Structure formats: structure tokens, C-alpha cells
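Report on one structure; see the data block that follows.
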Amino acid sequence: MKRPIIILAVLVTVVLIIPSLIVFPFEHHADSADPKKKTHKPGGIDMSYKTAPTSPKMKEDPAVTVSVYRSSENKVESLPLHDYLVGVVSSEMPADFDIEALKAQALTARTYIVGHLLAKDSIHLPKGAEVTDTTMDQAFEDRSDLKRLWGPDYDRKIKKIDKAVSDTAGQILTYDGKPITASFFSTSNGYTENAEDYWNRPYPYLKSVPSPWDKNSPKYKTKTTITVGALESELNVAIPNQNGKVGQVLQITPGHRVGKIKIGNKIFTGRQVREKLKLNSSDFTMVRDGDSINVETKGYGHGVGMSQYGANGMAKEGKSYKDIVAYYYRGVKISSMEPFMKEITSR
């Protein structure tokens, strides 16, 4: 009887004990590697999520409040920096643009407001306001405005803009340790413009660069007509009573725009003509046809800094927001806004 008992004991050992020795190490390894499991150090320090959770919390901008003068309602609206930036990016760039272009826009918007708050330039504003909601500063719409504007597309678009702002949280553009003048515009004529050739003030990072992506913009080329009388009145000149090209271009800028032009007996800068005649760009040609003048422009905006359609074109080619800002703002750095927080909050 002993032999059957011994055989039975051996079988029990093989069936029950040995498999447990094989399985246990693998179960223990899987348990410790599971990102949903939490482990603890002695002393109560939580060491959970050694690998990142699948849905991490969005990054946040510093706790800065921006007071915006709502021009159409004649009131001041105060809101967190993140919400202000969402409203600016939504108003300044189409939400359907590539996410990397939207991130670049968020970076310019944050850079602008940080520089503005540091300068404390709110003299022209009602008491309590720090910035307007117009292009005098940066265009802005709040979330309730955007719900009305976007309708059923609101949830999709606001989620995208929120991400663009959060993914660049706390970042600004600096040159020599200071926030830059992060100027931008809609569409170039194929090149951006040197700052000194439009504003008569040089900025080392605002230099002309090729921007070939803009040819895909619906605003790349525009044709319009004005009357001879309107041109003569706005420019205070008399032009010859004959058909043909109006004005003699005396200078072309490195950005391929009109630098100086003689019309009648006066010399103007391209910017002066653009602004007086409300043209889309300072890259223009004018041809008289009877009592009308046919005007063709290339590009939309002043041309200095980042082209928005150019940024979108770069993003579509796989460039990141860091690539985009490094291309349009020469020699700048992406920096933390944290060093400037003490001065901003002390106001």
C-alpha cells in the first residue's frame, strides 16, 4: 500500500505546486508593470504612474488674469490667461488650420500679452482694462461668442484650440532674454517683409524670408477697382488724364513690395499708399482705365513676421510649431514666461 501512496503524493506535487512556481513570477512582474497599479514608498509617498497615464491632464498657463475691454459692449471682462488665449487664437486664425499652425499662433498671442503686461500700456483703455478685443491689440471673442459663431462646430473647434494653447502653456518667444514683438499677418506675396522696410524700425528677428506656401491662400491675389477721383482725393495728387500704369515705382523692398512710388508730383512709401487707399498689401500695381483705376495686390497684411497661411503650409508639410516660429522669427528662443511672473503679478 505504501507504493500507491508515494505515487499519489508525487502526482499532487507535480500538479499543484510546480505550476504555481512557474506562474507566480510572471504574475508578479505583470502586476508591478501595470500603469494602473499604485506602489508606495515607506513614509507614505505615492509613486503611482511610473509610466504616464493614457489621458494626462492638460498643461496649464500660470495663474494670470487678463482684463479685456469688450469694445462692442463697452464693458471690461476679466478671465484666466488660458481662456484669453483661446479667444485670441480663435479670432486671429481659422480653427480648421493644422494644429501646429494653431500652436504657433498661441505662442505669438501669449508672447504679445506678456510683453504688453510688462509694458503696462493701458493708457488708452477704460479703467480696469489691460487690453482691447480689437486688432489695436489682439482680436478676441469669448466662449459664448464662439458658440454663436461656430454653432454645431463649436465643440470640435474649441477642443482643438484648447489643445493648441495647452500644448504651448507657459511658453513665449524671446530675443536677448526679452519677449519679442511677435507680429503676424494673414498672407504674404511669397516673401515676408523686413520690419524696417514697413515700420522704419529694425528688429533683428523680423527679417524677410521666402514664404512660398502662401500661394495657396485665397487672399494671395486680389483685384479691385477705385475711381480716379477717390485716388486723387485720398493722396491729394493729380494724375495724368491718360490710360495706363499709375505711378512710377522708385524702390522695391527685399520683400518684393513697393518701397517708394511717385504718383503725380509726390513720393509715397508703399505703406502710405496701402493705408490711404485701404489696399490689402503694399505689393500693388495700379492701371488707369478711363475714370477707373484697376488695382491688383499680392498678399494680405503688412507682411512683417509670421505669415498665418505660410505657417499652415509648413504644418501641412510636417513642420512643428517650433519649426514654424524659428523660421519666421530669426534667432529667437522659446522660453518660459515664469521669470516674468513676479513683475506681472506685482502690478
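Every number in this text was worked out from the coordinates using simple rules, so none of it is lab data. Values in this document were obtained by computation on a predicted structure and should not be read as measured data. Note that each Cβ is placed from the backbone with ideal geometry, even for glycine, and that neighbours are counted across all protein chains shown.
Summary of packing: across the peptides 176-187, 235-246, the per-residue average of other C-beta atoms within 10 Å ranks them, highest first, as 176-187, 235-246.
With both labels modelled 7 Å from their Cα along Cα-to-Cβ, the Ser346 to Arg330 distance reads 3.5 nm. Measuring between their Cα centroids, region 286-347 and region 166-198 lie 6 Å from each other. Qualifying GluC sites (Glu not before Pro) in region 219-322, where qualification requires a DSSP coil assignment and no more than 13 other C-beta atoms within 10 Å, comprise Glu317. Between Arg201 and Lys316, the modelled label-to-label distance comes to 3.5 nm, taking each label 7 Å out from Cα in the direction of the beta carbon. Over 32 Å apart at the Cα level, from the set Lys215/Lys262; Lys120/Lys298; Lys319/Lys342; Lys163/Lys333; Lys160/Lys298; Lys160/Lys219, are Lys120/Lys298; Lys319/Lys342. Here the gap between Gln242 and Lys127, fully extended at 0.36 nm per residue and compared with their Cα-Cα distance, gives a gain of 35.9 nm. Summarise the long-distance tail of P(r) for region 190-337 by giving the % of C-alpha pairs beyond 28 Å. The proportion of pairs with Cα distances above 28 Å equals 27 percent.
A simple spin-label model places the labels of Ile226 and Arg143 4.4 nm from each other, with each point 7 Å out along Cα-to-Cβ.
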